[in-house]
There are 2 protein chains.
Amino acid sequence: MKLTKLFVLAALSVASLALPAFATDPMPSWNDTAPKRAIVTFVEKVTKEGSPDFVPVAERIATFDNDGCLWSEQPMYFQAFFIFDRIKQLAPQHPEWKDKEPFASVLKGDIKSALAGGEHALIEMGMATHAGTTTEKFEKIVTDWITTAKHPKTGRLFTEMVYQPMLELLAYLRVNSFKTFIVSGGGIEFMRPWTEKVYGIPPEQVIGSSIKTKFELRDGKPVLVRLPEINFIDDKQGKPVGINQHIGRRPILAFGNSDGDLQMFQWTAAGQGSRFIGIVHHTDAEREWAYDRKSHVGRLDKALDEAKTKGWTLVNMKKDWNRVFPIPKNEQQLKQKEFLLLTYKRFKFSLEKSRLDQKSCRW
Amino acid sequence: MKLTKLFVLAALSVASLALPAFATDPMPSWNDTAPKRAIVTFVEKVTKEGSPDFVPVAERIATFDNDGCLWSEQPMYFQAFFIFDRIKQLAPQHPEWKDKEPFASVLKGDIKSALAGGEHALIEMGMATHAGTTTEKFEKIVTDWITTAKHPKTGRLFTEMVYQPMLELLAYLRVNSFKTFIVSGGGIEFMRPWTEKVYGIPPEQVIGSSIKTKFELRDGKPVLVRLPEINFIDDKQGKPVGINQHIGRRPILAFGNSDGDLQMFQWTAAGQGSRFIGIVHHTDAEREWAYDRKSHVGRLDKALDEAKTKGWTLVNMKKDWNRVFPIPKNEQQLKQKEFLLLTYKRFKFSLEKSRLDQKSCRW
């Protein structure tokens with residue numbers, strides 16, 4: 001009992017000793033290469049009072065794309081997995097889907113044919129699966145899915161396929177009084193139920209594509225009903241429009257990974273004073289995926305050229321990140337257990353040794 | 001010289017002595033009547049950890065209407081003054097307006113006839129005066145106007161016609177970790193240039209009506225062009241829609257003053273847990289204006305009935321506020337001067353007295 005208490009105290013002191021080491025490097029998953037140095041240099045100069053690049057706290061706005069920038073997007077946008085799962089779930093209420101494309105292909109598990117109809121097919125499936133409920137019910141549907149559905153290749157929860165280096169960057173910016181926003185082509189209501197828990201970004205700082213909603217009183221209870229009608233597409237030219245609509249202030253830092261972010265980059269870069277544009281370049285086929293100019297998802301072509309001429313920061317996932325995904329929770333717990341066990345053994349050993357020493361003294 | 005130094009020290013100590021007294025009442029412009037007590041009771045219970053009504057910081061969302069709730073709205077919405085001033089300003093570029101209604105009436109100074117065309121005329125004038133520029137240019141136009149234009153009755157800047165008790169309430173909520181938002185039928189881009197300075201509410205926490213914008217590259221420079229097309233009307237049923245779109249979280253406190261806020265009240269009140277609904281009732285014809293059920297601007301009729309059946313808090317401007325508008329800056333400076341002069345005189349007197357006393361001692 002006493003030993004355990006002592007051990008706990010010892011473990012705590014070990015933990016507290018470990019803290020300052022961590023505090024010196026808020027972004028340990030980034031290698032000490034050019035991108036990390038560029039980020040730190042930028043943040044230090046805009047936060048240094050009296051510096052010609054100083055930016056007041058209220059104007060420290062940072063915007064991040066989501067798919068391919070904060071989490072993976074292969075072999076297709078994760079929201080598409082949600083759409084297909086939801087079609088299967090709703091099928092019993094839609095017997096007509098058996099013979100109606102693109103739904104029929106989804107139900108047969110033939111995703112390629114389902115997507116053959118292009119954008120039109122995708123919008124049709126999006127509406128059928130995202131509209132028709134109240135906002136409250138839809139939030140529950142998304143929450144249920146995101147906490148259980150797994151990625152077909154990695155077998156992980158989709159929220160475990162977020163990028164550890166980007167989580168560290170978000171936290172580093174917030175510690176430096178930046179307000180971090182998501183500006184994604186993905187559905188705003190598909191992201192909001194989990195972004196606060198996963199990224200530390202609250203719903204009011206999430207900007208995305210949306211369908212229209214309508215206020216109604218149902219038996220005296222006010223609800224917002226989701227309508228099968230596009231409200232806003234937050235992609236390409238839409239990104240600066242969405243940023244202006246929601247934030248009303250130009251970002252000083254923008255991060256993305258594809259041509260869909262190009263206009264956000266241009267809009268951000270064109271502001272007065274210091275700006276930072278970062279692009280996650282998917283170069284790591286082993287730990288994640290490798291794709292750019294010719295990809296059907298997250299194509300990075302024009303923005304790659306413009307990054308080179310304008311001096312934007314290209315993050316080479318393979319070279320610049322020493323870790324891609326966070327350590328899964330169970331492994332984390334395992335590591336913690338191992339660490340504690342090891343510390344305990346060492347502690348016990350030194351305690352026994354000191355007893356032996358004492359004995360030898362007495363003797 | 002020495003005397004001045006001493007005096008400064010004395011004045012500073014007087015000022016610091018005055019501080020604790022202020023700290024005990026964060027809302028001195030509110031009389032100690034039911035509404036103030038209800039606000040304080042609500043804030044104390046939702047911020048008290050362990051209380052069954054406790055609300056985590058992230059969920060402390062408070063929404064405020066603007067016209068008639070944070071600033072006056074008589075004899076017409078202040079944005080209408082902006083529209084008319086802008087029509088006069090733009091007239092040289094629009095010779096056709098001389099013979100075209102409603103513009104012709106505005107140019108003749110006949111506002112009543114200009115408004116005779118109802119909503120349609122207002123929208124036409126709104127588009128003609130709010131669209132056609134870039135967002136950057138429009139921001140400058142609004143800033144120039146709001147810092148110079150004066151209210152025809154009071155002769156004050158419009159931003160000096162904000163309600164002092166509401167400024168105190170906003171600050172009180174923020175000190176208690178609430179995030180304060182504006183949810184107004186007014187133009188979002190008409191409010192954002194000045195809300196941070198005047199209310200302490202940053203642009204990203206302003207929700208309002210808007211026209212569409214379009215991203216363009218002009219000589220390689222990215223701009224957002226304001227189009228003569230309605231994007232969103234943030235009024236009545238639109239308010240909960242706008243809240244959901246921008247915040248994605250239900251407020252726990254909502255303040256307004258008219259039937260245009262009714263749906264925001266209903267939406268806020270229908271959430272789980274403690275809620276606060278407040279209504280500014282314009283009852284003070286002497287210090288401001290008195291109007292409710294029959295007013296053409298800011299009509300308060302249905303919401304007044306519902307407030308009574310649902311126990312929402314009605315703020316009687318005449319009885320519950322001991323001050324309506326802030327002390328104008330020049331008067332403030334005058335008061336400060338008077339105060340310092342008085343303190344200086346007293347100090348000089350006591351100093352001379354003590355010298356005399358000393359002399360008398362010696363003698």
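The values are calculated or read from the model by the stated rules, or taken from the named source; none is laboratory data. Just so you know, these numbers come straight off a predicted model, no measurement behind them. Cβ placement follows ideal geometry from the backbone for every residue including glycine, while neighbour counts extend to all protein chains displayed. Accessible surface is based on the protein model in full, side chains and every heavy atom, while ligands, DNA and RNA are left aside. Shrake-Rupley method; radii C 1.70, N 1.55, O 1.52, S 1.80 Å.
Evaluating A:VAL280 against the criteria (1) away from chain B (no Cβ under 11 Å); (2) outside any helix (DSSP H, G or I); (3) over 27 Å from A:ASN322 (Cβ atoms); (4) not aromatic (Phe, Trp, Tyr) leaves one unmet condition, (3). Out of all the residues in the stretch B:20-28, is one or more outside any helix (DSSP H, G or I) and modelled with pLDDT of 95 or more? Looking for residues that are outside any helix (DSSP H, G or I) and modelled with pLDDT of 95 or more, one finds at least one in the stretch B:20-28, hence yes.
Among the residues of the stretch B:257-269, is there at least one that is surrounded by fewer than 16 Cβ atoms within 10 Å (Cβ to Cβ), within 14 Å of another protein chain (Cβ to nearest Cβ) and part of a helix (DSSP H, G or I)?
Initially, the stretch B:257-269 is screened for residues surrounded by fewer than 16 Cβ atoms within 10 Å (Cβ to Cβ), giving none.
The answer is no, given that none of the residues of the stretch B:257-269 is surrounded by fewer than 16 Cβ atoms within 10 Å (Cβ to Cβ), within 14 Å of another protein chain (Cβ to nearest Cβ) and part of a helix (DSSP H, G or I).
For the stretch B:31-144, which fully contained helices (runs of 4 or more DSSP H) count at least 1 residues that are closer than 30 Å to A:ILE247 by Cα? If you could, list the steps in order and put the result at the bottom.
Details: elements: B:34-47, B:78-90, B:103-108, B:111-114, B:118-130.
Output list reads B:34-47, B:78-90, B:118-130.
For a quick check of your reading of the model, give me the residue pairs whose first member lies in the stretch B:96-121 and is polar (S, T, N, Q), whose second is open to solvent by 90 Å² or more (accessible area, probe 1.4 Å) and outside any helix (DSSP H, G or I), with beta-carbon atoms closer than 9 Å and at least 6 apart or on different chains. Once the first residue is polar (S, T, N, Q) and sits in the stretch B:96-121, its partners that are open to solvent by 90 Å² or more (accessible area, probe 1.4 Å) and outside any helix (DSSP H, G or I) give B:SER113/B:GLU101. Restricted to the stretch B:171-213, and to residues there that are outside any strand (DSSP E or B) and among the charged types (D, E, K, R), the residue that is farthest from B:TRP267 (Cα to Cα) is B:LYS197. Taking the numbered list (1) within 13 Å of another protein chain (Cβ to nearest Cβ); (2) touching a His at 6+ places or on another chain (Cβ under 8 Å) in turn, B:TYR291 passes all entries but (1). For the stretch B:279-309, name all the residues that are surrounded by fewer than 18 Cβ atoms within 10 Å (Cβ to Cβ) and either closer than 20 Å to B:GLN164 by Cβ or among the hydrophobic types (A, V, I, L, M, F, W, C) (or both). B:ASP284, B:ALA285, B:GLU286, B:ARG287, B:ALA290, B:VAL297 - these are the residues of the stretch B:279-309 that are surrounded by fewer than 18 Cβ atoms within 10 Å (Cβ to Cβ) and either closer than 20 Å to B:GLN164 by Cβ or among the hydrophobic types (A, V, I, L, M, F, W, C) (or both).
Residues that are touching a strand residue (DSSP E or B) at 6+ places or on another chain (Cβ under 8 Å) and not in a helix (DSSP H, G or I) within the stretch A:305-344 comprise A:TRP312, A:THR313, A:LEU314, A:VAL315, A:ASN316, A:TRP321, A:ASN322, A:PHE325, A:PRO326, listed in sequence order. Close Cβ contacts (under 7 Å, 6 or more residues apart or on different chains) running from residues in the stretch B:40-65 that are surrounded by 14 or more Cβ atoms within 10 Å (Cβ to Cβ) to residues that are assigned to a loop (DSSP other than H, G, I, E, B) and among the aliphatic types (A, V, I, L, M) comprise B:VAL46/B:VAL55; B:VAL46/B:ILE252; B:VAL55/B:ILE252; B:GLU59/B:ILE252; B:ARG60/B:ILE252; B:ILE61/B:ILE247; B:ILE61/B:ILE252; B:PHE64/B:LEU70.
Is one or more of the residues making up the stretch B:75-90 within 24 Å of the chain's Cα centre (by Cα) and either exposed (fewer than 15 other Cβ atoms within 10 Å of the Cβ) or over 23 Å from B:GLY187 (Cα atoms) (or both)? Looking for residues that are within 24 Å of the chain's Cα centre (by Cα) and either exposed (fewer than 15 other Cβ atoms within 10 Å of the Cβ) or over 23 Å from B:GLY187 (Cα atoms) (or both), one finds at least one in the stretch B:75-90, hence yes.
Among all positions in the stretch B:334-357, there is no residue which is open to solvent by 40 Å² or more (accessible area, probe 1.4 Å) and at pLDDT 95 or above.
In this structure, A:ARG192 does satisfy being closer than 16 Å to A:ILE141 by Cα and open to solvent by 10 Å² or more (accessible area, probe 1.4 Å).
Looking across the stretch B:214-253 at every residue that is within 26 Å of the chain's Cα centre (by Cα) and assigned to a strand (DSSP E or B), the one that is farthest from the other protein chains (Cβ to nearest Cβ) is identified as B:LEU253.
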